[in-house]
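Heads up, the thing below is written out as structure tokens.
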Amino acid sequence: MASLKRTQRILKGLNLIGNFVERPLRVGDIVLNDDGQHLIWANIEDVVDGFSLKGKTETSNRADLKFTSESGVEVKFGGSANANIAKGEVELKFKSKNSAFISLKQIERTSVKLGLVNEELKKYWKVHGFDKLANINKYHFISEVITAQSGTVIFSQDQGNTVVLKGKSDIPLTSLAVIGSGSVEFVINTKATLEIISETQIQPLYSAVRYRKNGNFEVI
């Protein structure tokens with residue numbers, strides 16, 4: 001049975017999934033796991049008569065997010081003593097497989113209070129047979145969506161990959177925060193990567209849960 005592709009589960013330790021195809025996700029979405037990719041099925045508000053998520057979600061304060069996953073990414077800024085790139089550029093070395101570089105500006109986490117949707121969600125799962133053994137890993141529930149004002153997410157499935165970035169309009173990249181503005185472009189990319197780069201609002205990351213055989217939630 002298909003599990004989520006490793007390229008989606010870019011922050012396994014933080015239980016976050018990469019939204020590289022930029023689907024317009026909402027908390028409360030029910031998604032179909034089709035060959036390791038999430039396809040939107042419906043939102044719980046749309047399929048359960050009279051049910052509303054109002055008062056059943058919470059939203060975090062805004063903050064920047066900077067992360068290099070699984071200790072597999074080395075970051076060097078041009079102009080430093082040990083860097084072989086031009087001043088104002090940044091070099092990312094992906095030393096491990098399935099590693100991600102992330103710099104996001106002013107993220108906001110919107111999360112569902114699972115205890116307040118559990119009863120209705122279980123009913124829906126049972127009525128549609130999603131709780132059956134053949135379907136138990138096919139249908140998931142979006143429990144959290146991260147929205148960022150801008151950002152850069154680069155994922156490398158291969159180790160030994162080197163990426164060099166520069167700022168658009170010759171803006172020097174002097175910190176992770178500047179990269180988080182999304183105003184960057186590639187100079188060098190030695191192997192294939194997946195990336196989300198935007199100077200405007202994006203939904204780059206999300207979390208999902210499924211029901212286990214015992215009826216409890218399990219984070220994907």
Full-extension gain between GLU45 and ILE136, please, as 0.36 nm times their residue separation minus the C-alpha to C-alpha distance. 30.6 nm
Between LYS87 and SER175, what is the label-point separation in nm under the 7 Å Cα-to-beta-carbon projection? 1.9 nm
With Cα coordinates, the longest principal axis of the chain makes an angle with the long axis of helix 118-127, in degrees rounded to 10, of 70 degrees
Among SER175, VAL73, TYR211, which residue has its Cα furthest toward the positive end of the charge dipole of the chain, with +1 on Lys/Arg Cβ and -1 on Asp/Glu Cβ? TYR211
Per residue solvent-accessible surface (Å²) - the stretch 176-220, probe of 1.4 Å: 50 Å²
Taking the Cβ of LYS213 as the centre, find all other residues whose Cβ is under 15 Å away and add up their charges (Lys, Arg: +1; Asp, Glu: -1). +4
Applied in sequence order to the stretch 195-206, the curve 6.51 cos²θ - 1.76 cosθ + 1.60 (Karplus, θ = phi - 60°) yields integer Hz couplings, x standing for Gly and Pro, of 9, 10, 10, 8, 8, 10, 4, 9, 10, x, 9, 7
Using modelled amide H (1.01 Å from N, peptide plane; none on Pro or chain starts), what sits under 5 Å from the amide H of ALA42, excluding residues fewer than 5 places away? ILE30
Kindly state, to the nearest 0.05, the FRET efficiency for THR190 paired with ALA63, given R0 = 35 Å and r defined as their beta-carbon distance. 0.60
Students often get this wrong, so check it: of LYS66/LYS113; LYS138/LYS166; LYS105/LYS126; LYS113/LYS168, which have C-alpha atoms separated by over 31 Å? LYS138/LYS166; LYS105/LYS126; LYS113/LYS168
In the neighbourhood of GLN201 defined by beta carbon distances under 15 Å, the net charge of the other residues (Lys, Arg +1; Asp, Glu -1) is +1
How long are the three semi-axes of the equivalent ellipsoid of the stretch 116-220, in whole Å, if each is the root of 5 times an eigenvalue of the C-alpha gyration tensor, listed from largest down? 40, 17, 9
Taking the convex hull of the Cα atoms, report for the chain its projected area averaged over all directions, in nm². 12.7 nm²
Around VAL163: net Lys/Arg minus Asp/Glu count, Cβ-Cβ under 14 Å: -1
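The values are calculated or read from the model by the stated rules, or taken from the named source; none is laboratory data. The shown structure was predicted, so the numbers you read here are calculated from the model rather than taken from an experiment. Reconstructed Cβ throughout: ideal geometry from the backbone, glycine too, with neighbour counts over all protein chains shown. The protein model used for the area step is the full one, side chains on, heavy atoms only, and it has no ligands, DNA or RNA in it. Shrake-Rupley method; radii C 1.70, N 1.55, O 1.52, S 1.80 Å.
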